[in-house]
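Participant: Have a look at this one before I ask anything.
Computed from the coordinates by the stated procedures, all read-outs in this text should not be read as laboratory data. Note that the structure is predicted; figures quoted are calculated from it, not measured. Note that each Cβ is placed from the backbone with ideal geometry, even for glycine, and that neighbours are counted across all protein chains shown.
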Ligand SMILES: C[S@@+](CC[C@H](N)C(=O)[O-])C[C@H]1O[C@@H](n2cnc3c(N)ncnc32)[C@H](O)[C@@H]1O
C-alpha cells in the first residue's frame, strides 16, 4: 500500500456481533479513518446492538444513513435490508436491490464500491461467517491496490467466509481477532 | 484551450459511464445522470458482463443503434424490488395518523410516485377501502418504467409471497381476512377488481416531468435513495408544489428531508415512519 488509507471496510457474518464487540471497543478515540461495516443481520431490531456497541466504544458507532458524509473516527453499520455503497465523494448510498450472495446488505457490494471509490487508499477486512460473501469484494480491493486483512479461519466462529477469501486472494494479513485492533491502529495512525 | 475543467480526476471507466448516461439521455430521454453513481456503475458493469460486451463503448454504440439493446439495459438499471405492506409500521401510522385527517376532506388525491409493480399501491387501496375512503379518493400511481407499470395494472402477484404479505398486513394493523382481497389461481394471487377502481397507473419521470394535480398525499418510498442530492432536491420541490397545504409526504424508512432544499416547508410528524406534513404557510 502506497498511500495513507482513507477508509476501512469490514465484513462479518455468523458470529459477527461478538467479533465486532471484541474489536471496535479497542480502537482509540482519535482513530483517523472511517470504518464502514456490513454485518449480515436478521432484522432491523438489531438497532439495539448498534447502541450497545456505541456505548462500549470510544468511537461513534451508528447505523449508516443515506447520503451521509464519511467522518473519521466513526463506525458505520449497514441497516438491515439495504445494500450499503460508498461514493467517490466520500458519501454513503443505500439500495433495496436484490440480495447478492443471498444477503442484503451484501459485503461484496460494499467492498466493490469502496474499492472503486478509494482505490489503493482502502483497507478491506473480512472476518468470521458461514457465507461466501466478501471474497469477490476482497479481490476487487486487492486489484485496485488496497490492503487486505482476513481473519485466520482457525480462530473464526464460522471459517467459511475467511477461508473462501484466502482461497481466492493472497491476503496481506491473516490474523486472529485479538491482534486485529492493534493491526488497524498500526496501519492507519 | 482551458485545461482546468477537464476530467483528469476521472478514470476511463467513469468517463465511459458518463458518456453512456449522456447517450441514453440524448437518444431516449431517460435521465440517469443524477443517480447515485456507485449503484448505477455497479448495474451497468454487471449488464456489460452478462450481456457479453467487451467494452462500455461497445455497449454505448449498441444501445444507440438498437432499441431492444437499450430496453435490456434499462431493465437492468432499475431496482424494482417491492412488497405489499413493506415496513408495516409505516402503514399502521398511515392508518392512525393520516387517515383521520383525510376523512375531513370531501375528496382525496394520492400520488404513489415510483410505484414499481404496484404492491404499495394495492396496500394503500386496501387501507383506504377499510377506512371507508374508497369512494372519495383517487390514487395516481406512477413510475418511469413502462414494463413494471404494465404488471402493476394487472395486479397479479406470486402466490408464494402471500404468506409474507399476510403477516405484514396484520402487523400493519389490518383486522380483516387478507384473503378477501385476492383470488388465488394456480401460482398467482389476483387482486380483486374493486381495489383497482380508484387507481390510475401512468408513466411519469421524476427527473424530468412536472406537477400534474393537487395532492393531499404523496408517497415516494425507496426511490430517492437512488438519486444524488441535486435530483433529490428537484423531486422534493416537485412534491411540495404538488401538495395542498397540510398535505402529507411519505418517504422510505431510510430516507429523510434533512439537508434537502425544502426541509423548511415541512414538519416531521413521525420520525421513524418518515411522514412529513406541508406547512400552513
Ligand atoms: C425500489 S422501487 C420502490 C417501490 C415502492 N415504492 C416501494 O417502496 O416498495 C423504485 C422504483 O422507482 C422507480 N424510479 C426510478 N427512477 C425514477 C424516476 N426518475 N421517476 C419515476 N420513477 C422512478 C423505479 O422504476 C422503481 O420502480
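Participant: Averaged across B:150-157, how many Cβ atoms of other chains sit within 10 Å of each residue's Cβ atom?
Facilitator: 0
Participant: Based on the Cα atoms of the range B:1-148, what semi-axes does the equivalent ellipsoid have, where each is the square root of 5 times one gyration tensor eigenvalue, given in whole Å with the largest first?
Facilitator: Ellipsoid semi-axes (Å, largest first): 42, 17, 14.
Participant: A follow-up question, please. Just report the Cα centroid separation between the range A:84-105 and the range B:159-220, whole Å.
Facilitator: 27
Participant: When DSSP beta bridges are limited to those with both residues in the protein assembly as shown, what percentage is antiparallel, rounded to the nearest 5?
Facilitator: 35
Participant: Right, next: Based on the alpha-carbon set only, what is the convex hull volume of the range B:88-278 divided per residue, in Å³?
Facilitator: 111
Participant: Could you put A:17, B:111 in order, starting from the residue whose Cβ has the fewest other Cβ atoms within 10 Å?
Facilitator: A:17, B:111
Participant: So what's the angle, to the nearest 10 degrees on a 0 to 90 scale, between helix B:67-77 and the longest Cα principal axis of chain B?
Facilitator: 60
Participant: Taking 8 Å as the Cα distance limit and 6 or more residues as the minimum spacing, I'd like the relative contact order of chain A as a percentage.
Facilitator: Relative contact order here is 23 percent.
Participant: Shape of the range A:7-188 from its Cα gyration tensor (a ≥ b ≥ c, root eigenvalues): rounded if a/c is under 1.5, otherwise prolate when a/b > b/c, or oblate?
Facilitator: rounded
Participant: For the range B:203-281, how big is the tail of P(r) above 20 Å, as a whole percent of Cα pairs?
Facilitator: Roughly 22 percent, once rounded to a whole number.
Participant: Also: Using only helices, what value at 222 nm comes out for the protein assembly as shown when you add -39,500 (n - 2.57) per DSSP H run of length 4 or more and divide by the total residues, to the nearest 500 deg cm²/dmol?
Facilitator: Rounded to the nearest 500, the figure is -10500 deg cm²/dmol.
Participant: Using only the alpha-carbon atoms, how far is helix B:56-65 inclined from the longest principal axis of chain B? Give it as 0 to 90 degrees, nearest 10.
Facilitator: So the helix axis and the longest Cα principal axis differ by about 70 degrees.
Participant: Additional query: Ignore the peptide's own chain and count Cβ atoms of other chains within 10 Å of each Cβ in A:89-99; give me the average, rounded.
Facilitator: The shielding value for this peptide is 6.
Participant: Over all pairs of distinct alpha carbons, what does the Kirkwood formula give as the hydrodynamic radius of the protein assembly as shown, in Å?
Facilitator: For the protein assembly as shown, the Kirkwood estimate is 23.8 Å.
Participant: Same structure, new question: How high is the relative contact order of chain B, in percent, with contacts defined as C-alpha pairs under 8 Å that are six or more residues apart?
Facilitator: Relative contact order of chain B: 17 percent.
Participant: Take the Cβ-Cβ distance between residue B:230 and residue B:279 as r, set R0 to 22 Å, and report the resulting FRET efficiency rounded to the nearest 0.05.
Facilitator: Once rounded, the FRET efficiency stands at 0.40.
Participant: Right, next: Give the order of B:181, B:165 when sorted by the count of other beta carbons within 10 angstrom, beginning with the fewest.
Facilitator: B:165, B:181
Participant: Hey, fewest Cβ within 10 Å first, where do B:92, A:6 land in order?
Facilitator: With the fewest neighbours first, B:92, A:6 line up as B:92, A:6.
Participant: Expressed as an acute angle from 0 to 90° and rounded to the nearest 10, what is the orientation of the C-alpha long axis of helix B:162-171 relative to the principal long axis of chain B?
Facilitator: So the inclination is approximately 60 degrees.
Participant: Over the Cα atoms of the range A:81-189, how large are the radius of gyration and the largest Cα-Cα distance (Dmax), in Å?
Facilitator: Reported Rg and Dmax, both Å: 13.5, 38.
Participant: Taking just the alpha-carbon atoms of the range A:1-107, what radius of gyration and Dmax come out, in angstrom?
Facilitator: Rg and Dmax of the range A:1-107, Cα atoms, are 13.3, 40 Å.
Participant: Assuming a viscosity of 0.692 mPa s and a temperature of 37 °C, what translational diffusion coefficient in µm² per second does Stokes-Einstein assign to the range B:4-77, Rh being the Kirkwood radius over Cα pairs?
Facilitator: 262
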